[in-house]
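Everything on this sheet refers to the single structure shown next.
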Amino acid sequence: MKTIGVLTSGGDAPGMNAAIRAVVRTAVENDMTVYGIRNGFEGLMNGDVYEMNLRSVSNIIQSGGTILKSARSQEFKMDSGQQKAADMCRRLGLDGIVVIGGDGSFRGAKDLTSKGITCMCIPGTIDNDIACSDDTIGFDTAMNTIMQMIDRVRDTTESHSRCSVIEVMGRSAGYLALYSGIAVGATSILIPEFECDFEIDVVERMRRTIESGKRHFVILVAEGVGDATEMAKQIEEKTGVETRTTILGHVQRGGSPTVRDRVLASQMGNYATRLIRDTRESRVIACKDGNLVNYKIEEALAMTKNIDLDAYRLAHEISI
Ligand code: F6P
């Protein structure tokens, strides 16, 4: 494979830039030509590309966001959009594309593959909801951001002897909530993977801790569970503890990537580029038990990932 493109798609994630850097540098060092594609599949359809060199990716390893920009394209979801993108790849002489994003982006890569374009997918999403991979680029940074933000909320929650219901991102997955919940010692962690009994798992739990002398509470709610503001209202009514809601929002998606995300992104970008050069097959890169592996896109999309039951039990037992 001589000429490849690289794009970022879907919600951005800290570490995407480190992955782009690794793709570009690996390609150039292996005598390949590499084009940056702006705005994900939208930019690909419109031929919004530029040739990148070793210096195009200088000074980005530490920055959040993505220098290539990202988008969720409606047009690309249609067959006509996918055909347009495939035609553009041929016109630009792109032998393959490295796609950095989440499972929506991988479905796009699968569609593009069916139009004859090789795609190498790299998991980049703060949600960590890519079933075939233990970790995704951006997850570690987002957890650290959440932890730092909640530590701040906790200061004022403690001063006022209040309860804070804090909503974190994750779409329909609870990984961000679970691990950051352990890290901040949340009294209750509500995630979509476990059905929770609000009365037992939140209200009763708070009453028990009040009896043991606790006066401030952090209740962590994954966005896929439900309305955090409504829960806060109910908590105040049922426990008598003054309660506030904090929806952390997009602060979770920004910021300089952690060491772990920079290293993971560098490894994945390097591996993906070598693989697309050697195999010319569409694959998803994944990290399994500390090793980089790869799967067919269909196979990766069909996999399911279980939430760590031990982590959930641990939180329940010691955050009381
Ligand atoms: O997939 C990443 C994510 O941040 C989810 O956690 C969240 O549900 C969604 O994207 C938000 O998307 P948008 O930035 O389009 O509002």
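The values are calculated or read from the model by the stated rules, or taken from the named source; none is laboratory data. In this text the structure is predicted, and so the values were computed from the model without any measurement. Cβ placement follows ideal geometry from the backbone for every residue including glycine, while neighbour counts extend to all protein chains displayed. For the accessible areas, the whole protein counts, side chains as well, though only heavy atoms, and no ligand, DNA or RNA atoms are used. Shrake-Rupley method; radii C 1.70, N 1.55, O 1.52, S 1.80 Å.
Here is how the numbers come out for the structure above:
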quantity: Dipole of the chain [Lys/Arg +1, Asp/Glu -1 at C-beta], most positive-end residue of Y271, V284, M231; calculated: Y271
quantity: Segment K288-V263, length gained on full extension (0.36 nm per residue, minus Cα span); calculated: 7.5 nm
quantity: Mean accessible surface per residue for the chain, computed with a 1.4 Å probe while every protein chain stays in place, in Å²; calculated: 43 Å²
quantity: Hits among lysines - C-alpha to C-alpha of K214 under 17 Å, sequence gap 8 or more where chains match; calculated: K238
quantity: Using alpha-carbon coordinates, inclination of helix 16-29 to the longest axis of the chain, degrees; calculated: 20 degrees
quantity: Förster radius 35 Å - calculated FRET efficiency between N30 and K296, Cβ distance, rounded to 0.05; calculated: 0.90
quantity: Relative contact order %, the chain, counting alpha carbon pairs below 8 Å whose residues are six or more apart; calculated: 24 percent
quantity: H250-E195 pseudo-label distance in nm [points 7 Å out on the Cα-to-Cβ vector]; calculated: 3.6 nm
quantity: Accessible surface of region 140-253, 1.4 Å probe, proportion on carbon and sulfur as whole %; calculated: 45 percent
quantity: Size of charge dipole - region 140-253 - debye, nearest 20, with Cβ of Lys, Arg +1 and Asp, Glu -1, no other charges; calculated: 360 debye
quantity: Phi to ³J(HN,Hα) by Karplus 6.51 cos²θ - 1.76 cosθ + 1.60 over region 275-285, Hz, x for Gly, Pro; calculated: 5, 5, 5, 8, 9, 6, 10, 6, 8, 10, 7
quantity: Long pairs among K2/K110; K2/K84; K77/K288; K2/K296; K84/K288, criterion Cα-Cα beyond 25 Å; calculated: K77/K288; K84/K288
quantity: Solvent-accessible surface ranking, highest first, for H216, H250, H160 at 1.4 angstrom; calculated: H250, H160, H216
quantity: Mean Cα-pair separation over length for region 140-253, i.e. relative contact order, pairs under 8 Å, 6 or more apart, %; calculated: 40 percent
quantity: Extended-chain gain in nm, criterion 0.36 nm per residue less alpha-carbon gap, R208 and M78; calculated: 41.4 nm
quantity: Helix-only CD estimate at 222 nm, as mean residue ellipticity for the chain, using -39500 (n - 2.57) per DSSP H run (n ≥ 4); calculated: -13000 deg cm²/dmol
quantity: Distance (nanometres) between label positions extended 7 Å along Cα→Cβ at S172 and D227; calculated: 2.1 nm
quantity: Qualifying aspartates and glutamates (Cα of each under 20 Å from Cα of K69; at least 8 residues distant if same chain); calculated: D12, E42, D48, E51, D103, D127, D261
quantity: Acute angle (nearest 10 degrees) that the helix 79-92 long axis makes with the longest principal axis of the chain, alpha-carbon atoms; calculated: 50 degrees
quantity: Label-point gap, in nm, between D278 and E51 - each point 7 angstrom along Cα→Cβ; calculated: 2.8 nm
quantity: Among P123, M147, T136 - extreme Cα towards positive end, dipole of region 108-150, charges at beta-carbon; calculated: P123
quantity: Crossing angle, helix 103-114 versus the chain [Cα axis fit, 0-90 degrees, rounded to tens]; calculated: 20 degrees
